[in-house]
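For reference, the structure I am asking about is given below.
The values are calculated or read from the model by the stated rules, or taken from the named source; none is laboratory data. As the structure is a prediction and not an experimental result, all values here were calculated from the model. Cβ placement follows ideal geometry from the backbone for every residue including glycine, while neighbour counts extend to all protein chains displayed. Each accessible area value is taken on the protein alone, full model and side chains, heavy atoms only, with ligands, DNA and RNA left out. Shrake-Rupley method; radii C 1.70, N 1.55, O 1.52, S 1.80 Å.
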Amino acid sequence: MTEAREPAGPHARRAPGTPCWVSLMAHGLTATEEFYGELFGWEFEPGPQQLGPYVRALLDGHEVAGMGQLPPDRRLPIAWTPYLASDDVDQTADTVRECGGTVGVGPLDAAEAGRMAIAADPSGAVFGIWQGSAHLGTTLTGVPGTPAWNELVTFETESVAKFYATVFGYEQEAVVSADFDYVTLHLAGRPVAGLHGVGHALPRDRGPHWQTYFEVADTDATTRQVADLGGRVIRPPHDSPHGRVATVADPEGAEFSVVQNPH
C-alpha cells in the first residue's frame, strides 16, 4: 500500500481511473452519520437524491465521502465503494461490459454533480464510475478522516489486473514474491490503487471486494473508539511498511481499514 496523493483542489479534474470518491450505502442513514461523525469528525450536508436519500460528509468544510440510504427491500452488502474517475461514463460502462464485467446501476445523471454508474469486475467486486461536472470528488486528502487508499481484495490478481488496465489504462507494478500476490496500479507513474490476491483466505461471505483505507492520527485509539461506538474490530492494529493499520467494521457491518501515517 502506498498512499495516493492527488491534487485535491475542488476544481482539479481527475485523470481517468483515479479513485476520486468513496460512498457507503447503509440501511440506517442517521445512525451511520452519527457513527462516522463521532469517529472522523465529519459533518453532513444533503447530496444528489437520484438513488434515494444521500448526504456528503464534510471535514473542515471539504467534501470527503458520501453516504446513501438503501431501500428497505434491497438486500445489498453494506460496503464502502470507491468511484473511479472517467471522462465518459457511458463509454467506460461499455468497456466494462466488453471486458467481462457488469453494470448494475446507470449510467445516470446525479443532478448537476455529474454522471455515474455502479459496476462490477469479472470476479464480482463492485466499484463506481464517476464523470464529474459540478462535483469532481474528494477535495481534501492527507489528513486524519480522509480516504488514503483503495485496495481490491480478490482471489488472484493476474486476470483482474488485465481487466482494470484495459478499462482505465493503468500501468501495473507487481510484487515479485512466491507467497505474496500484490499489484499496484499506477497512472502517469503515480500509485493510485492496489490489487491483493489472497486466494482461499478470501472471506466466503464477502467474495472479492474493494477496501477503503482512511487516514487516522492514532490507529490504536481509533480502533478502541470503533468498538465503543458499536462497531467491531476485524484485524487488530499492526505495523506495516506504510504505517500502523487495522481493519474494522461499523455497526451495520461495513468494513474499512484505518491507517496511521508513519510520517
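Return the pairs, sorted by first residue and then second, in which the second residue is among the β-branched types (Val, Ile, Thr) and part of a helix (DSSP H, G or I), the first residue lies in region 14-39 and is in contact (Cβ under 8 Å) with a residue 12 or more places away in the chain and over 19 Å from Val89 (Cβ atoms), the beta carbons are less than 8 Å apart, and the residues are 6+ apart or on different chains.
Partner pairs satisfying both residue conditions: Leu24/Thr32; Ala26/Thr32; Leu39/Thr222; Leu39/Val226.
Among the residues of region 126-135, is there at least one that is more than 14 Å from Ala85 (Cα to Cα) and touching a residue at least 12 places away in the same chain (Cβ under 8 Å)?
Taking region 126-135 first, the residues more than 14 Å from Ala85 (Cα to Cα) are 126.
Narrowing the set further to residues that are touching a residue at least 12 places away in the same chain (Cβ under 8 Å) leaves 126.
The answer is yes, given that some residue of region 126-135 is more than 14 Å from Ala85 (Cα to Cα) and touching a residue at least 12 places away in the same chain (Cβ under 8 Å).
Let me ask another. Would you check if there is a residue in region 166-183 being open to solvent by less than 10 Å² (accessible area, probe 1.4 Å), outside any strand (DSSP E or B) and charged (D, E, K, R)?
Within region 166-183 (the criterion being open to solvent by less than 10 Å² (accessible area, probe 1.4 Å), outside any strand (DSSP E or B) and charged (D, E, K, R)), the answer is no, since none of the residues qualifies.
Now for a different question. What number goes with the only condition from (1) assigned to a strand (DSSP E or B); (2) surrounded by fewer than 21 Cβ atoms within 10 Å (Cβ to Cβ); (3) not charged (D, E, K, R) that Trp21 does not pass?
Trp21 satisfies all of (1) assigned to a strand (DSSP E or B); (2) surrounded by fewer than 21 Cβ atoms within 10 Å (Cβ to Cβ); (3) not charged (D, E, K, R) except (2).
For region 195-203, indicate whether the set of residues that are under 25 Å from Thr138 (Cβ atoms) and not polar (S, T, N, Q) is non-empty. Break it down stepwise before answering.
Residues of region 195-203 that are under 25 Å from Thr138 (Cβ atoms), as a first pass: 195-196.
Next, only the ones that are not polar (S, T, N, Q) stay: 195-196.
Checked against the condition, which is being under 25 Å from Thr138 (Cβ atoms) and not polar (S, T, N, Q), region 195-203 yields at least one hit.
Out of all the residues in region 188-206, which are open to solvent by less than 20 Å² (accessible area, probe 1.4 Å) and in a strand (DSSP E or B)?
Within region 188-206, Val192, Ala193, Gly194, Leu195, Gly197 qualify.
Sort out for me the strands (runs of 3 or more DSSP E) sitting completely within region 97-162 that have 1 or more residues that are closer than 25 Å to Phe40 by Cβ and either open to solvent by 20 Å² or more (accessible area, probe 1.4 Å) or of a type in the set (Val, Ile, Thr) (or both).
Correct list: 114-120, 126-132, 147-154.
To continue, here is another question. Could you list, in sequence order, the residues of region 56-76 that are open to solvent by 20 Å² or more (accessible area, probe 1.4 Å) and touching a strand residue (DSSP E or B) at 6+ places or on another chain (Cβ under 8 Å)?
Arg56, Leu58, Glu63, Gln69, Leu76
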